Structure formats: C-alpha cells, structure tokens
Amino acid sequence: MTGRRLSSLLASVTAAAAGASILTGCGVLPGATGGSREPVTVMTWAPDQTRATNMPGMPAMAQAYARWVNSQGGIDGHELRVLTCNEQNTPAGAAACARRAVRENAVAVVGSYSQNGRAFMAPLEAAGIPYIGGYGLTDDEFTSHLSYPVNGGLAALIAGHGMQLAEACRKVSLVRPDTLAGDRLPKLLDAGLKKASKRGAVDIPAVEDATEYTEQAASAREEAGAEDGCVAAVLGERTQTFFDSFRRLPKATGGAQAADDEDDTAEAVRISSVLGSVGQPVIDRTGGARSPFEGAYVTGWYPEADDKSWEPMRKVIQQHAFADNRVDPTDTGVQTTWIAYTVLKEVIESLDRDTITSARIAEALDRGTQVDTGGLTPKLRWMYEDLLGAPDFPRIVNHAVTFQVVRKGRLVAQKPGFVDVGPTVSHGG
C-alpha cells in the first residue's frame, strides 16, 4: 500500500472514530434531535425476595420502558437511564435506596413500591428529588410536597371497596395487617359502607407475613354471617394465603355450610379484596375459573387489564421485556410503573431543555403540567387547586377507582368507568 493511500485510510478511520466519540460523549441516541442533550437518570425501587409483599415487576417494567423509549431516540432527545434497587421491605433498605438515588444524581424516583415512606422520603426531600407515581401505601406519599401520586393509594381503594360492598353485603368482616398502616383501613372501609347506610365492618387484624390464617378465617366467616355476608381481606401477597385458609375451614353445621362441597363457603359468604392484594396473576395461579376468587368483588385504581387503554403498554412489554416473566401486564405494580413513566415523559417533553434537573421536574409539576394517560386515569395535574385536601391525604389528585368482579377466571368491570371516592376518602381520613 502506498504512503498516500495509507494516509487517506488513516484519516478516514480517525474521522469516523472522532464522530463516534462525540456521539458517545454527548449521550445522543439514534433518531434524537438537538444533538447535545444530556442523559436523564432516574430510579425505580421495590422489594424482591422478601417474606412480605414483593413487586419485582416494577423495576423490570422501568427497564423495559427505558429500552423502548431509548430505541425511539430517548425522551425529547435525552437518553433515559434507569437505576433499580431492592427496597427489601425494611426501613433500612428503603433509606439505602433513597441515598443511592441521591448519590447517583437521579432527577426523580419513578413508579416505586415501599411501605417505609418516612425512611425514603426524608433523603429525597433533603436532595430535592421528586417521587413520581409511588404505589400509594404510605402517608408520606400523600403529604410530602415532593410526592406526585398517580392514584389515590390504598385509601381510595379501601374507601371505594366499602362503597362496592355496600351494594351487596349485609355484614362485612375486614381482615387487614396488624400494622400502623393497617390500623387506618377499618375507618376508610366504614366510610364507604356508611355512605349506603350500612353498618361498619368487623375489624380482624392479622400478622402480615403469617403462613396460615385459620383463626382469622374462622372469625371472619362467623362475623360475616351466612346471609349475604362478605369477607374482605387486604393482606398484600398474603391475601392468597388467607383465602386458602378460609377455603379449608371445616364445614359449618347448618345454614350456609350445609352443602356437601366445602367450596360452598365461597357461595354463602362472598369474598372480596382490592387490586394489589388480589389481581389477575393471583387468579391465574390459583386455578382461573376454578379459583377460590371466582365471583369475588375487587376494587382497583385503573380499568380492567383487558381494556384497550392498556394496549400501548402491552406492545412495549412484548417488544422490550423479552422473556422477562416479572413483567406481567395484568399486575397492578407494573401498570402503576407504566403510568408513572408516562408522567415523567410528558414532563421532560414539556421542559424542552438540554439539561433536566430534579428542580425543573418538580417546578413543572407544581406549575401545572397536565398528563393525559390515555384513559388509564383521569387527566393528572398537581397544582394546589387539584389536590383533594383530605386531612390525612392532602396530595391525592386522582380519587377515582373502578369496581371489578371475577367472572370465568377474569377480572372484568362490574360497572363501567370510574367511581369518584374523593368525598368518602375525605370523610374516612
């Protein structure tokens, strides 16, 4: 090869390498516009492999979302980088995840699950990091000025569940966690029941991580009674364990339990719960149409899993979650994460900046960026006038729920559309 040809080849290679270096250094993605927009780092956390409720689908959905949006050129030209963290269902684990988010310069925590609000919210507040679309379990998610919930949390579910059960149940037993968070549930359920002039539920506290619930199941069945009685259990992942104990109870000597088949318990005493404690994955695992949940009433935040509004999420999961069986489109945690990242995307696009910071995200949300979730929720906005202002849940902006029922092994709408439980939550809170 001549010196001239060699020089020409080296020049071409050097130019190509320089171009690649520029693209890599600036974090520009294929299809992106603007040319110099910085990557955006966020975190999603949830407990995994613990003895209590686990939500591995939430971080997995966040990663699938990042793969999808980055394949489209990022969010408004910004590469989305998702950090994940195992919150471990402990205050120490939640605090550790929050400190890592601060240390790694996350601009938001998005679509996460934790029962330890006090442990994680303090580090986020100190660093000015917004918490977008948490699962809705803790007081802090509905009181912190840096929390932007996408649903009404457990408070809306329980208040709505009382309204749903009031239409069909003469007496209700509530089996719930014997925890500080669980202590609030009876009042919220009663607020819904009393809206229809029904008596309050019988409160039955239970250990959240027990391996069987025979004693509580027997008490719940007895208190509900044989005539139009309902047993509601809200125990997270242990709800399935409770209803297994309930199904195995010895037959009563008469009335509702006089039939030959012990499964007649479910026919005499209606069972019920809320999404997150019971969902399509649990129904599928326990027998589908032959599941003990057949006929159960269930209150949710969002439309049923077969609703066409979920089709964009399903498409992303099919194309970018690959064979990751943690990402179930019928799982409420996965659905909440999708909605939370929808909020993040619209906020970043509204900013139209080369650099995205936590302060700019929080300011955009506070100043009224409105998010259309495609019918999965009412339109979301977090200005002062949008807040419910309930004494214990002032940050709720979405106080809609859906009434569902298990028919032929599928969760389907009991009644169409959303039900507003805002006044009931305010009364129950």
Determine, yes or no, whether residue 42 is hydrophobic (A, V, I, L, M, F, W, C) and part of a strand (DSSP E or B).
yes
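Whether any residue in segment 163-183 is in contact with a helix residue (DSSP H, G or I) (Cβ under 7 Å, 6 or more places away or on another chain) and among the hydroxyl-bearing types (Ser, Thr, Tyr) is what I want to check. Before the answer, list the steps.
In the first step, residues of segment 163-183 are kept if they are in contact with a helix residue (DSSP H, G or I) (Cβ under 7 Å, 6 or more places away or on another chain); the result is 163, 165-166, 171-176.
Narrowing further to those that are among the hydroxyl-bearing types (Ser, Thr, Tyr): 173.
Yes, there is a match, as at least one residue in segment 163-183 is in contact with a helix residue (DSSP H, G or I) (Cβ under 7 Å, 6 or more places away or on another chain) and among the hydroxyl-bearing types (Ser, Thr, Tyr).
Out of segment 385-412, which residues are more than 16 Å from residue 148 (Cβ to Cβ) and not in a strand (DSSP E or B)?
Step one: list which residues in segment 385-412 are more than 16 Å from residue 148 (Cβ to Cβ), which gives 390-392, 400-412.
Across segment 385-412, the qualifying residues are 391, 392, 408, 409.
Collect the residues in segment 292-309 that are open to solvent by 10 Å² or more (accessible area, probe 1.4 Å) and part of a loop (DSSP other than H, G, I, E, B), keeping them in residue-number order. Full working, then the answer.
Of segment 292-309, the ones open to solvent by 10 Å² or more (accessible area, probe 1.4 Å) are 292, 294-295, 297, 303-309.
Correct list: 292, 294, 295, 303, 304, 305, 306, 307.
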Could you figure out which of (1) over 20 Å from residue 147 (Cβ atoms); (2) more than 21 Å from the chain's Cα centre (by Cα) isn't true of residue 99?
(1)
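For every residue, the table says whether it meets (1) open to solvent by less than 40 Å² (accessible area, probe 1.4 Å); (2) in a strand (DSSP E or B); (3) modelled with pLDDT under 90.
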position: 251; (1), (2), (3): no, no, yes
position: 260; (1), (2), (3): no, no, yes
position: 265; (1), (2), (3): yes, no, yes
position: 273; (1), (2), (3): yes, yes, no
position: 276; (1), (2), (3): yes, no, yes
position: 283; (1), (2), (3): yes, no, no
Note on segment 169-228: residues open to solvent by 40 Å² or more (accessible area, probe 1.4 Å) and under 23 Å from the mean Cα position of the chain (by Cα) are 178, 179, 180, 181, 183, 184, 187, 207, 208, 209
Of (1) in contact with a Pro (Cβ under 7 Å, 6 or more places away or on another chain); (2) open to solvent by less than 40 Å² (accessible area, probe 1.4 Å); (3) assigned to a loop (DSSP other than H, G, I, E, B); (4) not basic (Lys, Arg), residue 52 fails just (1)
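Could you say whether any residue in segment 154-168 is more than 17 Å from residue 403 (Cβ to Cβ), open to solvent by 40 Å² or more (accessible area, probe 1.4 Å), not β-branched (Val, Ile, Thr) and not in a helix (DSSP H, G or I)? Reasoning before the result, please.
Our first condition is that a residue be more than 17 Å from residue 403 (Cβ to Cβ); within segment 154-168, this holds for none.
No.
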Would you point out the residue of segment 396-418, among those that are within 19 Å of residue 276 (Cβ to Cβ) and open to solvent by 20 Å² or more (accessible area, probe 1.4 Å), that is nearest to the chain's Cα centre (by Cα)?
399
List pairs: first in segment 41-68 and hydroxyl-bearing (Ser, Thr, Tyr), second assigned to a strand (DSSP E or B) and open to solvent by less than 10 Å² (accessible area, probe 1.4 Å), Cβ under 6 Å, 6+ apart or cross-chain?
44/110
Looking at this structure, is residue 343 within 13 Å of the chain's Cα centre (by Cα), in a helix (DSSP H, G or I) and either in contact (Cβ under 8 Å) with a residue 12 or more places away in the chain or surrounded by 17 or more Cβ atoms within 10 Å (Cβ to Cβ) (or both)?
no
Counted residues, segment 159-190 - those being at pLDDT below 95 and among the β-branched types (Val, Ile, Thr)
1
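Of everything in segment 375-384 that's at pLDDT 95 or above and not small (Gly, Ala, Ser), which residue is most open to solvent (accessible area, probe 1.4 Å)?
In the first step, residues of segment 375-384 are kept if they are at pLDDT 95 or above; the result is 375-383.
Retained after the next criterion (residues that are not small (Gly, Ala, Ser)): 376-383.
Numbers: 376: 2, 377: 9, 378: 52, 379: 130, 380: 2, 381: 67, 382: 5, 383: 48 Å².
Among those residues, the one meeting the criterion is 379.
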Just to verify a result, which residue in segment 91-143, among those that are free of Cβ contacts under 8 Å to residues at least 60 places away in the same chain and among the acidic types (Asp, Glu), is surrounded by the most Cβ atoms within 10 Å (Cβ to Cβ)?
140
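Does residue 333 satisfy being closer than 21 Å to residue 282 by Cβ, open to solvent by less than 10 Å² (accessible area, probe 1.4 Å) and not basic (Lys, Arg)? If you could, list the steps in order and put the result at the bottom.
Details: closer than 21 Å to residue 282 by Cβ: yes; open to solvent by less than 10 Å² (accessible area, probe 1.4 Å): yes; not basic (Lys, Arg): yes.
Yes, satisfied.
The values are calculated or read from the model by the stated rules, or taken from the named source; none is laboratory data. What you see is a predicted model; the values in this text were computed from it and never measured. For neighbour counting, all protein chains shown are included, and Cβ atoms are generated from backbone atoms with ideal geometry for every residue, glycine included. The area values use the complete protein model at the heavy-atom level, side chains included, leaving out ligands, DNA and RNA. Shrake-Rupley method; radii C 1.70, N 1.55, O 1.52, S 1.80 Å.
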